[in-house]
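A.B. asks: Structure below; questions to follow.
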Amino acid sequence: MKLSWRTVLLWTIPFLVIGFFIWQGSFATNVGNTANTASTRMTYGRFLEYLDKGRVSSVDLYEGGRTAIVEAIDPELHQVQRLRVDLPGTSPELVTKLRESGVNFDSHPVRNEGAIWGILGNLVFPVLLIASLFFLFRRSSNMPGGPGQAMNFGKSKARFMMEAKTGVMFDDVAGIDEAKEELQEVVTFLKQPEKFTAVGARIPKGVLLVGPPGTGKTLLAKAIAGEAGVPFFSISGSEFVEMFVGVGASRVRDLFKKAKENAPCLIFIDEIDAVGRQRGAGIGGGNDEREQTLNQLLTEMDGFEGNTGIIVIAATNRADVLDSALMRPGRFDRQVMVDPPDFKGRVGVLEVHARNKKIAPEISIEAIARRTPGFSGADLANLLNEAAILTARRRKPEITMAEIDDAVDRVIAGMEGTPLVDSKSKRLIAYHEVGHAIVGTLLKDHDPVQKVTLIPRGQAQGLTWFTPNEEQGLITKAQLMARIAGAMGGRAAEEEIFGDDEVTTGAGGDLQQVTGMARQMVTRFGMSELGPLSLEGQGGEVFLGGGLMNRAEYSEESAARIDGQIKMIAEHGHKMARQIIRDNREVIDRLVDLLIEKETIDGEEFRQIVAEYTEVPEKEQFIPQL
């Protein structure tokens, strides 16, 4: 908020006047005290002693004779000093003695101007303060963002831009081409509506962007704002909700009122799940204030009056918790899925974020994209930023593949720790990691090994990386069993090499992963002796008490059979892993010695060493198509 010089002057004058009155009162009150100041004090007895010896030259009496300022000659310094003396009171004997000694003395009467100014100042200060506050609030109530706005709880907090200059265009958004195509139609609707109305098409009321965090939903909204060239309102869902009842609904009304005045326009609501959750969810019916806000939002989007020329774009990563009335056509006509990018999309995202970075010519963007399956756009941006930070730390002129590799490891597993010294613990961790790698390498349906390392990262003392050989949404039963056996490889190596009494807690995370995959095979995918049955839903309850009174989806007998099937699947994977470890003990010992020496073995080198001892099954190689 910019203030003119007149406003600043009008705000400053009242306080200057107040300060003047206070200063005047303090000056009048302390005028005598200023005259009474002296460097040091003197006792009354010493004053009489100086007076008898003729060392006093003048005396000024103040406060009715209770205080005196004495000019006396110091016998040691031989200099005249001004000393303050507290007198017991003016007495005829003292005056007579001063006259007999020939000392010049004078009496100064008490001044009452200080009391008058003090009373006047005490009266003027409250009056000026109240008048100034009234003036300020009245002045600022008409200024956007001023102090008077503190009382305008019901006003919308949406940021308004007549021409949104976000600095982001569709060319800056990569990896989500399908979502871009959907939203480019919205922009065309706003720019050339006759192209669609000529064939009877109507402008969509709302577009809901749904996807995991970091996939670019807010970035897409910025691109729409930059491309559309129409008024743009942006607000977060949490800004509708307040502790005061009715404020959220009032803000929704105010937002759409402003939007109607500037139609055609765009409204972007980020994290709409903060205000659009299902009504009546949870124990006791949920938050009534949030429900009132949602009801008002539903009415404004598609109610009795309706809106013309207003497109609402919302973003959320929790579409499952949104109210069904909000999701129907006529409110959010389109639901655009913004998924993590595929290989081609990751290449595009990396090219966008690599524009302003110095990257070595030998680095292949395709190689980086091949190493990062499942990464979102935000993950890829963070990856290149971490690589740039490492480059600056190592004082290199440009980013090399070494920094890219370290950045990938850091993003996935955490910061690199201090390598372990050669000890029994280090050898045990080496056997554990080689166990994972050897099982994954010798099982045809397992993903290929990318790297085995003993360098700690995060909470892990060692890591084995696997890279998916193809990107697909479907996973076979053989692949799941191979992953279970691979996860059991670490525990199997500990048991085969060191014995059952020497197994460690290092397989804790592996066992959780195995149990989770086995449970899904039994209860969701129908890959067990129980048959093709789906016994559990896709996810748990998201609201407090949402599943408190729900009965189980299967009987106690079925629950016992499910537990038995999970145990059988896990044990089968465990047996597979132990058999592979037992049959390949010689190559495992060689790999462990090499891993302890080098601390990191590349996947290609690992497979070459294993191929010297046994046949390595051919695995399907992922050949991306650009």
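A.B. asks: Each residue of region 376-390 in turn: what ³J(HN,Hα) in whole Hz from Karplus with 6.51, -1.76, 1.60 and θ = phi - 60°, glycine and Pro shown as x?
C.D. replies: Taking θ as phi minus 60°, the curve returns 8, x, 5, 5, 5, 5, 5, 4, 5, 5, 4, 5, 5, 5, 4 Hz for region 376-390.
A.B. asks: Taking loop as defined by DSSP and a crowding limit of 11 other beta carbons within 10 Å, which chymotrypsin sites (Phe, Trp or Tyr not before Pro) in region 286-391 fit?
C.D. replies: F304
A.B. asks: Something else now. Just list whichever of K222/K257; K358/K396; K426/K567 have alpha carbons separated by over 20 Å in the model shown.
C.D. replies: K222/K257; K426/K567
A.B. asks: Students often check this: by mean Cβ neighbours within 10 Å, which of 169-175, 392-398, 599-605 ranks highest, and how do the rest follow?
C.D. replies: Per-residue Cβ counts within 10 Å, averaged per peptide and sorted highest first, yield 169-175, 599-605, 392-398.
A.B. asks: So how do T391, T188, T215 line up by other beta-carbon neighbours within 10 Å, fewest first?
C.D. replies: Ordered by Cβ neighbours within 10 Å, fewest first: T188, T391, T215.
A.B. asks: Right, another one. Arrange R491, R457 by Cβ neighbour counts within 10 Å, fewest through most, would you?
C.D. replies: R457, R491
A.B. asks: Further question: Taking a 23 Å limit on the Cα-Cα distance, which of the listed pairs K477/K619; K205/K344; K191/K260; K357/K598; K598/K619; K180/K357 fall beyond it?
C.D. replies: K205/K344; K357/K598; K598/K619; K180/K357
A.B. asks: Please list, in order along region 219-226, the HN-Hα scalar couplings obtained from phi with the Karplus expression 6.51 cos²θ - 1.76 cosθ + 1.60 (θ = phi - 60°), rounded to whole Hz, x for Gly and Pro.
C.D. replies: 5, 5, 4, 5, 5, 4, 4, x
A.B. asks: Order 589-596, 250-257, 482-489 from most to least packed using the mean count of other Cβ atoms within 10 Å.
C.D. replies: For the peptides 589-596, 250-257, 482-489, the packing ranking is 482-489, 250-257, 589-596.
A.B. asks: Tell me which residues come under 5 Å, amide H to amide H, from S58 once H is placed; ignore anything under 5 positions away on its chain.
C.D. replies: E71
A.B. asks: If packing is taken as the mean number of other Cβ atoms within 10 Å per residue, what is the order of 219-225, 353-359, highest first?
C.D. replies: So the order, starting with the most tightly packed, is 219-225, 353-359.
Bear in mind that the values in this text are calculations on the coordinates, not laboratory data. Because the structure is predicted, anything quoted here is derived from the model rather than measured. FYI the Cβ positions are ideal-geometry reconstructions off the backbone, even for glycines, and counts take in every protein chain you see.
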